[in-house]
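These notes are about the structure you will find just below.
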Amino acid sequence: MSRFPFEVICWCGALLFLYFMGNPAGTHFSLCPFSRLDIPCPGCGIGRSLYLVMHGEFRASLSLHWFGIPAFLILIYRIVQLFRNFRLTLSVS
């Protein structure tokens, strides 16, 4: 019997967390070392951008981070790919 891929659980959990995280326009706590040092960070805003993509606010998502929409599509593609591979291993077993 094949085990369910842990990576699927991680990606789905991360997307669910981002979906339910609350208002992205409000204040937020950041662990980013770049923002703590007042250095422009290439990744800052991508989590809030993903939140807005999942809520259908594409223009606002683009205004926060240009890579939010492509990152969401890449994550969905990866999750689908992992489900397909898991299903194939079940049918072969």
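The values are calculated or read from the model by the stated rules, or taken from the named source; none is laboratory data. Because the structure is a prediction, the values reported are computed rather than measured. Glycine gets a Cβ as well: all are built from the backbone with ideal geometry, and neighbour counts include every protein chain shown. These area figures cover heavy atoms from the full protein model, side chains too; ligands, DNA and RNA do not enter into them. Shrake-Rupley method; radii C 1.70, N 1.55, O 1.52, S 1.80 Å.
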- Task: Would you check if Leu50 is open to solvent by less than 50 Å² (accessible area, probe 1.4 Å) and in a helix (DSSP H, G or I)?
- Result: yes
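Tell me the residue from Ile74, Ile79 that is closer than 30 Å to Arg3 by Cβ, open to solvent by less than 50 Å² (accessible area, probe 1.4 Å) and of a type in the set (Val, Ile, Thr), please. First the steps, then the outcome.
Working: Ile74 fails: open to solvent by less than 50 Å² (accessible area, probe 1.4 Å).
Checking each option against the conditions leaves just Ile79.
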- Which of (1) assigned to a helix (DSSP H, G or I); (2) modelled with pLDDT of 90 or more does Trp66 not meet, given it meets every other one? (1)
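Which of the residues belonging to region 6-22 are more than 17 Å from Gln81 (Cβ to Cβ) and either in contact (Cβ under 8 Å) with a residue 60 or more places away in the chain or not hydroxyl-bearing (Ser, Thr, Tyr) (or both)? Please lay out each step first, then the result.
The initial filter retains those residues of region 6-22 that are more than 17 Å from Gln81 (Cβ to Cβ), namely 13, 16-22.
Within region 6-22, Gly13, Leu16, Phe17, Leu18, Phe20, Met21, Gly22 qualify.
Can you tell me how many residues in region 31-47 are of a type outside the set (A, V, I, L, M) and in a helix (DSSP H, G or I)?
First, the residues of region 31-47 that are of a type outside the set (A, V, I, L, M): 32-36, 38, 40-45, 47.
Cutting the leftovers down to in a helix (DSSP H, G or I) gives us 33-36, 47.
Result for region 31-47: 5.
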- For region 1-32, enumerate the residues that are open to solvent by 40 Å² or more (accessible area, probe 1.4 Å) and modelled with pLDDT of 85 or more. Phe6, Glu7, Ile9, Cys10, Trp11, Cys12, Ala14, Leu16, Phe17, Tyr19, Phe20
